[in-house]
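Asks: Let me begin by handing over the structure; questions about it come next.
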Amino acid sequence: MCEFCHRHGEGKKWYLQAKNYSEDLLSDIKRRKYIADFMSQPERAAHVVGQLGGINRLPVFVQTVLTPYLSNRQKRVHFGQVVPIEECEQIFDFVTSVVRVACLCRHNTVGTEQRYCYGVSMAPRGGKLAQIIREIDVNYLTGPDTAGLEILSKEEALASFREHEREGLCHTVWTFISPFIGGICNCDRTDCLAMRATMTNKVPVMFRAEFVAEVNPVLCNGCRQCMCVCQFKAMGYSAANKKVLIDQRLCYGCGICRASCNKDAITLYNRSAVPVAATIW
Ligand code: SF4
Ligand code: SF4
């Protein structure tokens, strides 16, 4: 279990606890203001991640102190965790509505409206979360291309997530002043600011999933399709064996490689049952 499970989930998976999506948490004025500011100032997130790029140029001892400080600061406000699709489905089972909005990261990195982010709510039609978004005047979130907030059924949301998996995107839940979870995003390391911070700048702003992947060498035919979609550089190819291997110390447990394998050779296992990865978050 990651530290959020202990702190916000009473020893269970914190992102599967309905209370962490509750409208009660959204009654907090400070949290509402945080969300409104976050959504209405997309350039601020890009600026912060841009600044993190400078960390790699600092002396090692400064990086050693600064990196955990920045990561811990982020845990209080906006932190994520990789979640495989079967757990996204569990979340869609207990939330009351799913609202698709344009992605703040891609607004910055690609410069166009891309709908990869999903607000999840315990109230109909997006509840207070959608209300906050509707009240801020940001055209990248509310149109014209998005035609406003799109309210999806559970089935529609899941079908979209499966499509995102085929694109090679990994699912991540996000807090807005922890532990409130307001959304699930679909990320890649090229366009997603959080993945850039975590993978490129080495300042973690997301936990790994509660799972790690393993390849069954009997089923694997060495096609290497899975290697094309791993965002975390956790896979290697053995030319001698003509098989792919996963370095479970690097694996984030997203399961995107599994979706790309037409031999069903990849399985996700509970992280806690895999000794080399059990304590790596
Ligand atoms: S996609 Fe499947 S069969 Fe192909 S290399 Fe990866 S694990 Fe092996
Ligand atoms: S090897 Fe791990 S990190 Fe890479 S795609 Fe598969 S599950 Fe995700």
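Asks: Evaluate the Debye formula for region 59-188 with equal point scatterers sitting on the alpha carbons, no solvent, and hand back log10 of I(q)/I(0) at q = 0.10, 0.16, 0.18 Å⁻¹, in q order, two decimals.
Replies: Normalising to I(0) and taking log10 leaves -0.35, -0.83, -1.02.
Asks: State the Cα centre-to-centre distance between region 209-275 and region 13-38 in whole Å.
Replies: A separation of 34 Å, based on Cα centres.
Asks: What pairs in Lys30/Lys233; Lys154/Lys243; Lys128/Lys202; Lys12/Lys75 have C-alpha atoms more than 26 Å from each other?
Replies: Beyond 26 Å between Cα atoms: Lys30/Lys233; Lys154/Lys243; Lys128/Lys202.
Asks: Give me the Kirkwood hydrodynamic radius of region 1-92, using the inverse of the mean 1/r over all pairs of distinct Cα atoms, in Å to one decimal.
Replies: Evaluated over region 1-92, this radius sits at 15.8 Å.
Asks: Moving to a separate point now. Evaluated at 10 °C with a viscosity of 1.306 mPa s, what Stokes-Einstein diffusion coefficient in µm²/s does the chain have when Rh comes from the Kirkwood expression over alpha-carbon pairs?
Replies: Using the Kirkwood radius from Cα pairs, D works out to 82 µm²/s.
Asks: While we're looking at this one, here's another question. Relative to the first principal axis of the alpha-carbon coordinates of the chain, what is the inclination of helix 154-166, with its axis defined by its Cα atoms, in degrees from 0 to 90 and to the nearest 10?
Replies: The answer is roughly 50 degrees.
Asks: Run the simple label-point estimate for Phe94 and Lys30 please: 7 Å along Cα→C-beta, distance reported in nm.
Replies: About 2.5 nm separates the two model spin labels.
Asks: Looking only at Ser27, Ser260, Ser153, which one moves most when the chain is put into a Gaussian network model with springs between Cα atoms under 10 Å?
Replies: Its mean-square fluctuation being the largest, the pick is Ser27.
Asks: Note the angle between two axes, namely the Cα long axis of helix 85-94 and the longest principal axis of the Cα atoms of the chain, as a number of degrees from 0 to 90, rounded to the nearest 10.
Replies: The angle comes out near 30 degrees.
Asks: Using the count of nearby Cβ atoms within 10 Å as a rough guide to exposure, how do Lys263, Lys128, Lys30 rank from fewest to most?
Replies: Listed from fewest to most nearby Cβ atoms, that is Lys30, Lys263, Lys128.
Asks: Would you mind checking which residues have amide H under 5 Å from Ser121's amide H? H placed 1.01 Å from N; only 5 or more apart, or other chain.
Replies: Thr96, Ser97
Asks: Using every alpha carbon pair in region 169-242, what percent of pairs falls into each 10 Å bin from 0 up to the bin containing the largest distance?
Replies: Using 10 Å bins, I get a P(r) of 15, 42, 27, 13, 3 for region 169-242.
Asks: Another question, if that's okay. How far is helix 60-77 tilted off the main Cα axis of the chain, in degrees rounded to 10, range 0 to 90?
Replies: The two axes meet at around 50 degrees.
Asks: Tabulate in residue order the Karplus-calculated ³J(HN,Hα) for region 219-227, using 6.51 cos²θ - 1.76 cosθ + 1.60 with θ = phi - 60°, rounded to whole Hz; enter x for Gly and Pro.
Replies: Whole-Hz 3J(HN,Hα) from phi for region 219-227: 8, 5, 9, x, 5, 6, 4, 5, 5.
No lab work stands behind these numbers, since they all come straight from the coordinates. Model, not experiment: these values are computed from the prediction. Glycine gets a Cβ as well: all are built from the backbone with ideal geometry, and neighbour counts include every protein chain shown.
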